[in-house]
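Derivation of every value follows stated rules applied to the coordinates shown; laboratory data play no part. All values derive from a computational prediction rather than experimental measurement. All Cβ positions, even for glycine, are placed from backbone atoms using ideal geometry, and neighbour counts span all protein chains on display.
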Amino acid sequence: MILWIENLGRIGLSFCQSVGVSGLFLSRTVFRKPRLIRLFPLVIEQIYAVGVLSMVIIVLSGLFIGMVLALQGYNILERFGAVEQLGQLVALSVVRELGPVIGGLLFAGRAGSSLTAEIGLMQVTEQLTSMEMMAVDPLWRVISPRFWAGVISMPVLIAIFCMVAMFGSYLVGVEWLGVDAGQFWSNMQASVNFRIDVVNGLIKGLVFGIVVTWIAVYQGYYAVPTAAGIGRATTKTVVYGSLAILGLDFILTSVMLGGW
Amino acid sequence: MLPAIFYEIIKNFLYYNNLTLMIIDEVFKLIFGQDFIQMTDNFVEISDLYFTRNDHWIFRDISLCIPRGKIVAIMGPSGSGKTTLLRLISAQLYPRRGQVLVNGTDIHSLNQTDLYKIRNSMGMLFQSGALFTNIDVFENVAFPLRERTKLPEDIIRSVVLMQLEAVGLRGARDLMPSELSGGMARRVALARALVLNPQLMMYDEPFTGQDPITMGVLVKLIRSLNDNLGLTSIIVSHDVAETMSIADYVYVIADTRIIGEGTPEQVLNDKSPMVAQFIHGLADGPVAFHYPANKYQEDLQL
Ligand SMILES: Nc1ncnc2c1ncn2[C@@H]1O[C@H](COP(=O)(O)OP(=O)(O)OP(=O)(O)O)[C@@H](O)[C@H]1O
Ligand SMILES: [Mg+2]
């Protein structure tokens, strides 16, 4: 029993400690004298690595999710004779939930893990220390561009994901199953509210982007400098990132539906 | 010039401890708006340094000085903490107790901005090279110039090529670090460390993995940098012959403390058993070849 309490205390302490360390780490990455002219090209370079290279997986999964949604939705709506509502069903579920959540999970798996591995490897091979010895702050030169690139890329990727998913559902619903194209689009247009649905979806995307990238760069920067340590850090990025997305999604959704 | 002489006279006249020295420095700084502190003769001064790692003593009460413009070698068996010492001097690590003065400032008391200012005058060759693996050799050497200076592209190009020529790798400028041999990578790292003309160079094992010809070139290069540019150098090595040929002063560390020091001749002729054992490479003697452990027989369960 005592041992159990002791362990609980230890876990609690180490949790608080890592939250504190990562908070400091984030604030030292974000709140610093802006040197935008120097930072801008670095961020662009990282947006390519983090965002553009994640496009393929985002587009493909968006397409399939949209197509599956259309199939399933058509099957159910058909029972009520309401197949023309398909556009509405797909658009609302994708923009409100599936887009941000699945996009975020894919981002954590694709971009987050590679960020962690890259930074962890730079740490192991003393590249970050040697940068510090040249009086170049690695937080500024290495971490900050990657962080901003992740934060910027995520909402854009999620927007792309949503659009492709709707296109996928159009392909299946209209082209294959024969829903009327005019009804499909006009129902969708009438039911999706820009302020409530689209903006809230993008807010989710932004929050997930911040959290996932933060976890990824933190895990890389503080990875135990061994091969196994980097492996563990990469796993942690994906696990913590995914859990954070799902947990935050619940909180954000309840705030958005309840409060607004 | 005159204030500098005045400063020296006052300092010698009033000097009896570090505090008065500090006050004098501050007063002079106030009056002349200029730091005279770099006029002291030791670039690095380490006093009463204690350092532990995982409850395992690395240093216990180490004091040493690196005189300005000299080449000082730190020697000692593997695992004795030579790399750790360099990391303490450059404030990558913080000591348990004790002080490291670099150019007259306590380097471990600085905030990040001031620390980076001092690091601008330091160069370090890492034991592993630590090249940036995502950019090629040329960009690696150009990195400090691009980050720390606003030089135009053509000047950066000539400076980088000059540095690479000095280490014999001008032809390798387009290779990626993964395409270099170990010795080549360390020479690129040397070029990169030297490109900003530091006042203090720390070489961690510069000769390891180099063939005899390259070794000779490197020894000459290090010597000529010191003599022509007034660099201060710290060389960490266990290559006894090479190090003795180049160093002005040698410290031998082992077993958490300094076991011998002096000019190369003094160290070579040192009669103390520990130093003699290390210098002449004898297997039997007081210096432990093994990392601290329990009895061999017990471990093997005989
Ligand atoms: N990151 C670390 N964590 C814990 N202990 C360490 C770490 N780095 C080094 N040590 C310990 O510190 C001691 C000194 O290491 P250091 O790297 O300074 O040795 P060294 O004199 O440079 O050896 P070599 O000549 O082999 O490079 C070693 O006993 C090592 O076990
Ligand atoms: Mg070493």
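Calculate the dipole size of chain B relative to its Cα centre from +1 charges on Lys and Arg beta carbons and -1 charges on Asp and Glu beta carbons; express the result in debye to the nearest 20.
Its charge dipole is roughly 420 debye.
What trypsin sites (Lys or Arg not before Pro) in segment B:78-147 are in a loop by DSSP, with at most 14 other Cβ atoms within 10 Å of the Cβ?
Within segment B:78-147, the qualifying trypsin sites (Lys or Arg not before Pro) (loop, at most 14 other Cβ atoms within 10 Å) are B:96.
Looking at chain B, do any whole DSSP H helices span at least 24 angstrom along their long axis by alpha carbon and average 1.6 or above on Kyte-Doolittle, and which?
Working: long enough: B:212-229 (25 Å, 0.67).
Helices meeting the criterion: none.
Can you give the longest run of chain B that contains no chymotrypsin sites (Phe, Trp or Tyr not before Pro) sitting in a DSSP loop with at most 16 other Cβ atoms inside 10 Å?
Looking at chain B, B:17-288 is the longest stretch - no exposed chymotrypsin sites (Phe, Trp or Tyr not before Pro) with at most 16 other Cβ atoms within 10 Å.
What list of ³J(HN,Hα) couplings, whole Hz, do you get for segment B:100-105 from phi and the Karplus terms 6.51, -1.76, 1.60, once you set θ to phi - 60° and write x for glycine and proline?
Rounded to whole hertz, the list is 10, 9, 10, 6, x, 10.
Could you tell me the distance between the Cα centroids of segment A:90-133 and segment B:106-154, to the nearest Å?
Computed from Cα coordinates, the inter-centre distance equals 27 Å.
Helix A:144-170 sits at what angle to the longest principal axis of chain A, using alpha carbons and giving 0 to 90 degrees rounded to 10?
20 degrees
Give me the number: length gained by fully extending residue A:252 to residue A:64, i.e. 0.36 nm times residue separation minus the C-alpha to C-alpha distance, one decimal in nm.
The span from residue A:252 to residue A:64 would gain 65.1 nm if fully extended.
So what's the net charge close to residue B:78: Lys and Arg +1, Asp and Glu -1, counting the other residues with Cβ under 14 Å from its Cβ? Could the numbers behind the result be given before it?
Working: positive: B:82; negative: B:204, B:205, B:239, B:255.
Here the charged neighbours net out to -3.
How much FRET efficiency would the formula 1/(1 + (r/R0)^6) give for residue A:228 and residue A:92, where r is the Cβ-Cβ distance and R0 is 35 Å, rounded to 0.05?
0.20
Given axes a ≥ b ≥ c from the Cα gyration tensor, I'd like to know whether segment B:212-267 is rounded (a/c under 1.5), prolate (a/b larger than b/c) or oblate.
Cα axes put segment B:212-267 in the prolate bin.
Could you tell me the calculated FRET efficiency between residue A:5 and residue B:108, based on Cβ-Cβ distance and R0 = 51 angstrom, to the nearest 0.05?
Values: r = 39 Å, r/R0 = 0.76.
The computed FRET efficiency comes out at 0.85.
Amide H neighbours of residue B:124 under 5 Å, at least 5 residues apart or on other chains, H built in the peptide plane: list them.
Residues meeting the amide H criterion: B:202.
Could you list which residues have their amide H under 5 Å from that of residue B:42, counting only those 5 or more apart in sequence or on another chain, with H placed in the peptide plane?
Under 5 Å from the amide H of residue B:42 lie the amide H atoms of B:68, each far enough along the sequence or on another chain.
Rounded to the nearest 10 degrees, what's the angle between the helix A:2-30 long axis and the longest principal axis of chain A, both from Cα atoms, 0 to 90?
The two axes meet at around 90 degrees.
So which trypsin sites (Lys or Arg not before Pro) in segment A:10-81 are both in a DSSP loop and have at most 16 other Cβ atoms within 10 Å of their Cβ?
A:32, A:35
Give the residue from B:28, B:208, A:159 lying farthest towards the positive end of the charge dipole for the protein assembly as shown; charges sit on Cβ (+1 for Lys and Arg, -1 for Asp and Glu) and the dipole is referred to the Cα centre.
Towards the positive end, the residue furthest out is A:159.
Within segment A:1-110, which chymotrypsin sites (Phe, Trp or Tyr not before Pro) sit in a loop by DSSP and count at most 16 neighbouring Cβ atoms inside 10 Å?
A:31
Provide the net charge surrounding residue A:33, with neighbours chosen by a C-beta distance below 14 Å and charges set as Lys +1, Arg +1, Asp -1, Glu -1.
Counting the neighbours of residue A:33, the net charge comes to +4.
Using only Cα atoms, tell me the angle between helix A:36-50 and the longest principal axis of chain A; keep it within 0 to 90° and round to the nearest 10.
In chain A, helix A:36-50 runs at an angle near 60 degrees to the longest axis.
What FRET efficiency would be calculated for the residue pair residue A:53, residue B:271, taking the C-beta separation as r and a Förster radius of 45 Å, to the nearest 0.05?
E(calc), rounded to 0.05, equals 0.10.
Scan around residue B:58 for amide H atoms under 5 Å from its own, H built in the peptide plane at 1.01 Å from N, and keep only partners 5 or more places away or cross-chain.
The list, which skips near neighbours in sequence, is B:51, B:52, B:53.
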